[in-house]
Amino acid sequence: MTAMPGGSQEVAVQCRGLTKSFGAGEARVPALRGLDLDIGYGEMVMLVGPSGCGKTTLISIIAAVLDHDAGLCRVLGQDLKTLTAADKVLLRRKAVGFVFQAFNLIPTLTLADNVSVPLLLNGVGRTVARRRAAEILERLGLGTRAEALPSELSGGQQQRVAIARALVHSPRIVVCDEPTSALDARTGDTVLHLLREVALQENRALVIVTHDNRILKYADRIIEMSDGVITQSAAGQPAVADARSNLP
Ligand SMILES: Nc1ncnc2c1ncn2[C@@H]1O[C@H](COP(=O)(O)OP(=O)(O)O)[C@@H](O)[C@H]1O
Ligand SMILES: [Mg+2]
């Protein structure tokens, strides 16, 4: 894809020459080495590649959770380098949903309260927040467990709560780090249908890191990373893309 300086209105995410290293001196580990990527509005992208190639680093930068070293990263038209820490807090709160690999649920809060957090942070009242949390938990098959604590759930159930929390405030950018790793095939399909519904909305974009071959069929595009750069980008399967318009 060619560079589009200033053309960020056309894409949800634009990365150019993105670099990021961890550590310093002898211990310095380059994680991203000049990565270029565009993600269009309405696009659901899956990111694959060997462990350590920089996938989590990339989605963390896109989600404004981690600062990059050099290069450009524009998200929803905003150059992340120009944002203050407070701007980034606001961007994350309003516009980003992040499904962490380790779920990161708050152990002392019930499922409904965990899922309510992004809404409460955005000023939604507690009653409405809890109702919306209950609705999305229901959709993910956890309606009867809303008052349970995370420790009372299986890994797969916790993963679905993490997904519910990432989506409940209708964020425009959703990043997921292996969102189906703990799910059986049927539950994985439920989750992917919900994620797709989000991506289908015109002003949204989704990036899903995955090792799960079963879900690649849902992608608009499959992007392969290796050693801190993108090595391949291929369109997803048209048959599945067609089926998308038949979703309830
Ligand atoms: N917080 C960190 N401190 C030091 N090194 C890190 C840190 N996070 C990631 N790395 C290193 O950066 C590289 C890319 O990591 P990561 O983005 O987690 O890869 P992936 O998600 O593809 O497995 C790896 O070499 C990893 O060890
Ligand atoms: Mg990772």
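The values are calculated or read from the model by the stated rules, or taken from the named source; none is laboratory data. Fair warning: this is a prediction, and the values are worked out from it, not measured in the lab. Cβ placement follows ideal geometry from the backbone for every residue including glycine, while neighbour counts extend to all protein chains displayed. Just the protein is used for accessible areas: all its heavy atoms, side chains included, with ligands, DNA and RNA removed. Shrake-Rupley method; radii C 1.70, N 1.55, O 1.52, S 1.80 Å.
Below, the figures for the structure above:
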read-out	value
Computed E for LEU200/ASN104 - FRET, C-beta separation, R0 35 angstrom, nearest 0.05	0.85
Exposure ranking of ASP67, ASP177 by accessible area [1.4 Å probe, largest first]	ASP67, ASP177
For the chain: accessible area per residue (Å², 1.4 Å)	45 Å²
Per-q log10 I(q)/I(0), segment 12-244, q = 0.10, 0.17, 0.18 Å⁻¹ (Debye; single scatterer per alpha-carbon; no solvent)	-0.45, -1.27, -1.39
FRET efficiency, ALA148 to ASN213 (Cβ-Cβ, R0 30 Å, nearest 0.05)	0.45
Residues with amide H under 5 Å from that of SER226, placed H, sequence gap 5 or more	THR231
Per-pair calculated FRET efficiency, R0 = 51 Å: GLU138 and ASP79 via Cβ, rounded to 0.05	0.85
Pairwise label distance in nanometres, SER170 with ASP189, each label 7 Å out on the Cα-Cβ vector	2.8 nm
Potential extension, GLN232-ARG131 segment - 0.36 nm per residue separation minus Cα distance	32.1 nm
For segment 173-243 versus segment 31-94, the gap between their alpha-carbon centres in whole angstrom	17 Å
Which of ALA148, ALA166, LEU66, positive extreme of dipole for the chain (C-beta unit charges)	ALA148
Net +/- balance of residues flanking ARG221 in space, Cβ distance below 12 Å, scoring K and R +1, D and E -1	-4
Most to least accessible of SER154, SER51 (protein chains only, probe 1.4 Å)	SER51, SER154
Accessible area of the chain belonging to carbon and sulfur atoms, whole % at 1.4 Å probe	53 percent
